[in-house]
Ligand SMILES: NC(=O)c1ccc[n+]([C@@H]2O[C@H](COP(=O)([O-])OP(=O)(O)OC[C@H]3O[C@@H](n4cnc5c(N)ncnc54)[C@H](OP(=O)(O)O)[C@@H]3O)[C@@H](O)[C@H]2O)c1
């Protein structure tokens, strides 16, 4: 017997300038012909999930009650959220669990009893009804913990490599590189033979990456940052930036250093600067300030946004299938996620838990276990 209702974590923006995150019992819909019902066993808290759960709300000023958090949002923050005022939004982009029921369609029925992963959204829930087509069957013996984060970060790492190859880039410069995703990228680039320059902001992050085999790590907080970066760029030939930070000076410094390297390589002086192309893709907003660029970067550069699912659409079905297969092949090695801790869904809005996971710090990722 399927339960009639199930526990779900939702987020709602209120007119008066606040976000309310709540654990709510919601009706569990019957699966349609091509749907499956998943008993969700594990779901990671990614930075993009925090964007939906709390957006720019001030957690320091939040009011905590059992199963509910109310956090104020500034007028500027509210302007960005105008499109979702009043809407109760289930949270949790991806997760893994066991299929406990299915619609009558053959593909859905074939999944009953299987452990699957999906990126269908609303995964911070005890049960979730999703299209069978959105599910990836996890290899026999894979735990829900190992399969929970099989989409967002792994596909992004593979997507960077596909994007690099599609534009004929020679190597990657990656910022906030000690992130969970950054660690996957270190392992993936090593396996694919792609030069990678990792930009971090703390000495211990550099140690962490070197410990997993990163050859080039530079620390943006070091007084020798620019010189260290120049040397790494000259050694690797890396020409394509994937920037998770967005605001602040780091992206501009990287482009300016790339230009310096390009000018040195060109030999002859040109007042228009180097003709070597510099590409940067801004794929995160860890710093929510404006993206600013200095004027010493010449004229041959592109800075654009990079978002996983629209980018996968652009890359086409053949590349999409290749990306998915690549992740499946090395899910528990190259694409393994590390978690600081795991927490039952019923405890996810506890004050100490919320204050900790909203720090978005290195090695502080949480895994929610909805069945506990
Ligand atoms: N565009 C897309 O489609 C896409 C897809 C997947 C992921 N992402 C983005 O990828 C990034 C990494 O995700 P993740 O799950 O791997 O994150 P994570 O493991 O939670 O790590 C976050 C990292 O960001 C660093 N950081 C936080 N604020 C920073 C700042 N202002 N300047 C520099 N570094 C900062 C942290 O370092 P400290 O310890 O020093 O704070 C930490 O190393 C996120 O921005 C996420 O939104 C984007």
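Please go through segment 103-113 and give me each residue that is touching a strand residue (DSSP E or B) at 6+ places or on another chain (Cβ under 6 Å) and either over 26 Å from residue 154 (Cβ atoms) or surrounded by fewer than 17 Cβ atoms within 10 Å (Cβ to Cβ) (or both), ordered by number. Within segment 103-113, 103, 109, 112 qualify. Among the residues making up segment 326-337, those that are in contact (Cβ under 8 Å) with a residue 60 or more places away in the chain and either surrounded by 11 or more Cβ atoms within 10 Å (Cβ to Cβ) or more than 22 Å from residue 189 (Cβ to Cβ) (or both) are 326, 327, 328, 330, 331, 332, 334, 335, 336, 337. Within segment 164-188, the set of residues being part of a loop (DSSP other than H, G, I, E, B) and either touching a strand residue (DSSP E or B) at 6+ places or on another chain (Cβ under 7 Å) or modelled with pLDDT under 95 (or both) comprises 167, 169, 171, 177, 178.
Exactly one residue out of 250, 303 is within 16 Å of the ligand (Cβ to nearest atom), crowded, with 19+ Cβ neighbours inside 10 Å and in the same structural domain as residue 202 (by TED's automatic domain parsing): that is 250. Checked against the criterion of being modelled with pLDDT of 95 or more and surrounded by fewer than 24 Cβ atoms within 10 Å (Cβ to Cβ), the candidates 209, 229 yield just one match: 209. Where strands (runs of 3 or more DSSP E) sit wholly within segment 264-372, those with at least 1 residues that are over 22 Å from the mean Cα position of the chain (by Cα) and closer than 25 Å to residue 237 by Cα occupy 278-282, 301-305. Only one of the listed residues (363, 284) is in contact with a helix residue (DSSP H, G or I) (Cβ under 9 Å, 6 or more places away or on another chain), surrounded by 14 or more Cβ atoms within 10 Å (Cβ to Cβ) and on the phi > 0 side of the Ramachandran plot. That residue is 363.
Okay, residues lined up against (1) in contact (Cβ under 8 Å) with a residue 60 or more places away in the chain; (2) closer than 23 Å to residue 264 by Cα:
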| residue | (1), (2) |
| --- | --- |
| 203 | no, no |
| 206 | no, no |
| 215 | no, no |
| 229 | no, yes |
| 245 | yes, no |
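On the stretch given as segment 165-186, residues that are away from the ligand (no atom under 11 Å from the Cβ), within 24 Å of residue 228 (Cβ to Cβ) and either free of Cβ contacts under 8 Å to residues at least 24 places away in the same chain or crowded, with 23+ Cβ neighbours inside 10 Å (or both) total 3.
Taken together, the criteria exclude residue 259 from residues that are surrounded by fewer than 18 Cβ atoms within 10 Å (Cβ to Cβ), closer than 24 Å to residue 166 by Cα and not assigned by TED's automatic domain parsing to the domain that holds residue 115. Checked against (1) out of contact with any strand residue (DSSP E or B) (no Cβ under 7 Å at 6 or more places or on another chain); (2) in contact (Cβ under 8 Å) with a residue 12 or more places away in the chain; (3) within 15 Å of the ligand (Cβ to nearest atom), residue 361 passes all but condition (2). A single member of 92, 77 is touching a residue at least 12 places away in the same chain (Cβ under 8 Å), in a loop (DSSP other than H, G, I, E, B) and under 18 Å from residue 49 (Cβ atoms), and it is 92. The set of residues from segment 338-356 being within 16 Å of residue 42 (Cα to Cα), at pLDDT 95 or above and in contact with a helix residue (DSSP H, G or I) (Cβ under 7 Å, 6 or more places away or on another chain) comprises 343, 347. Evaluated against (1) outside the structural domain of residue 233 (by TED's automatic domain parsing); (2) surrounded by 16 or more Cβ atoms within 10 Å (Cβ to Cβ), residue 298 falls short on exactly one condition, (1). Scan segment 306-325 for residues that are crowded, with 16+ Cβ neighbours inside 10 Å and more than 19 Å from residue 167 (Cβ to Cβ) and the total you get is 1. If you take the residues of segment 231-241 that are more than 16 Å from residue 201 (Cβ to Cβ) and either outside the structural domain of residue 164 (by TED's automatic domain parsing) or touching a residue at least 60 places away in the same chain (Cβ under 8 Å) (or both), which of them is nearest to the chain's Cα centre (by Cα)? For segment 231-241, the residue satisfying everything is 240.
The values are calculated or read from the model by the stated rules, or taken from the named source; none is laboratory data. If you're wondering where the values come from, they're calculated on a predicted model, not measured in any experiment. Because the Cβ atoms are built from the backbone with ideal geometry, glycine has one as well, and the counts that use them run over all protein chains shown.
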